[in-house]
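Everything below concerns the one structure shown next.
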Amino acid sequence: REGQTMRQCKGRYFKDGKFYEFELGYFHQWGSDYEEFEAAPGNFTTAIVELPDGKVITPMANDIQFLTKAL
């Protein structure tokens, strides 16, 4: 995304059975993930977010809040 400014966001993500909060992240794009159930997998939308330390996380779409407006 060279030449484009990524939107800032905050929120939470789930990892290793626990929720973690983040106060600042940089939204890259939307993605998808799934969770296995007995009957079939359940699909859901995720955000691909980079944290200030370079770590990439994928919170569920409803677990982020944008801090800056879309261009």
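The values are calculated or read from the model by the stated rules, or taken from the named source; none is laboratory data. As the structure is a prediction and not an experimental result, all values here were calculated from the model. Heads up, the Cβs are rebuilt from the backbone with ideal geometry, glycines too, and the neighbour counts pull from every protein chain shown. The protein model used for the area step is the full one, side chains on, heavy atoms only, and it has no ligands, DNA or RNA in it. Shrake-Rupley method; radii C 1.70, N 1.55, O 1.52, S 1.80 Å.
For the peptides 33-39, 63-69, the ranking by packing is 63-69, 33-39, with the highest mean count of neighbouring Cβ atoms within 10 Å listed first. Dipole of the chain (Lys/Arg Cβ +1, Asp/Glu Cβ -1, origin at the Cα centre): which of Asn62, Phe22, Cys9 lies farthest to the positive side? Working it through, the farthest residue towards the positive pole turns out to be Cys9. The gain in end-to-end length when the Phe19 to Ala70 segment is fully stretched comes to 15.7 nm, 0.36 nm per residue minus the alpha carbon separation. About its Cα centre, the dipole of the chain is roughly 380 debye, where the only charges are +1 on Lys and Arg Cβ and -1 on Asp and Glu Cβ.
Each label was represented as a point 7 Å from its Cα along the Cα-to-Cβ direction; for Gln8 and Glu36 these points are 4.0 nm apart.
Using alpha-carbon pairs under 8 Å, 6+ residues apart, how would you state the relative contact order of the chain in percent? Mind showing how you got there, number by number?
Working: 132 pairs, mean separation 23.7, N = 71.
Relative CO of the chain lands at 33 percent.
Rolling a 1.4 Å probe across the protein heavy atoms gives region 4-46 an accessible surface of 79 Å² per residue.
If you take all other residues with their beta carbon under 14 Å from the beta carbon of Thr45, and give Lys and Arg +1 and Asp and Glu -1, the sum is -3. Here the chain yields Rg over Rh of 1.02, to two decimals, using C-alpha coordinates and the Kirkwood radius. The share of accessible area on the chain that comes from carbon and sulfur is 49 percent, using a 1.4 angstrom probe.
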